[in-house]
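Data block below; observations after.
Readers should treat all values here as calculations from the given coordinates under stated rules, not as data from a laboratory. No experiment lies behind these values; they were computed from the predicted model shown. Please note: Cβ atoms are built from the backbone with ideal geometry, for glycine as well, and neighbour counts cover all protein chains shown.
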Amino acid sequence: MNDTCPTCRHYAALREQARQAGDYSKATDYEVLRRRHPAHIIHIPRQPEGRAL
Ligand SMILES: [Zn+2]
């Protein structure tokens with residue numbers, strides 16, 4: 001997670017709104033959007049499993 005990213009916070013807020021409204025499919029959509037936020041490609045490698053740190 002990246003709590004400093006305003007876009008992610010926006011998605012997280014929308015996700016929470018959807019969940020509280022009982023719209024879980026929409027909540028999942030926003031969760032996916034947040035996880036795939038392009039700005040995080042640098043910070044979150046697509047295949048962390050393949051790296052031996
Ligand atoms: Zn983000």
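Hey, can you rank 21-31, 5-15 by average C-beta count inside 10 Å, highest first?
Details: 21-31: 13.4, 5-15: 15.4.
The packing order, highest mean first, is 5-15, 21-31.
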Report the extension gain between THR7 and VAL32 in nm, rounded to one decimal, defined as 0.36 nm multiplied by the number of residues separating them, less their alpha carbon distance. 7.7 nm
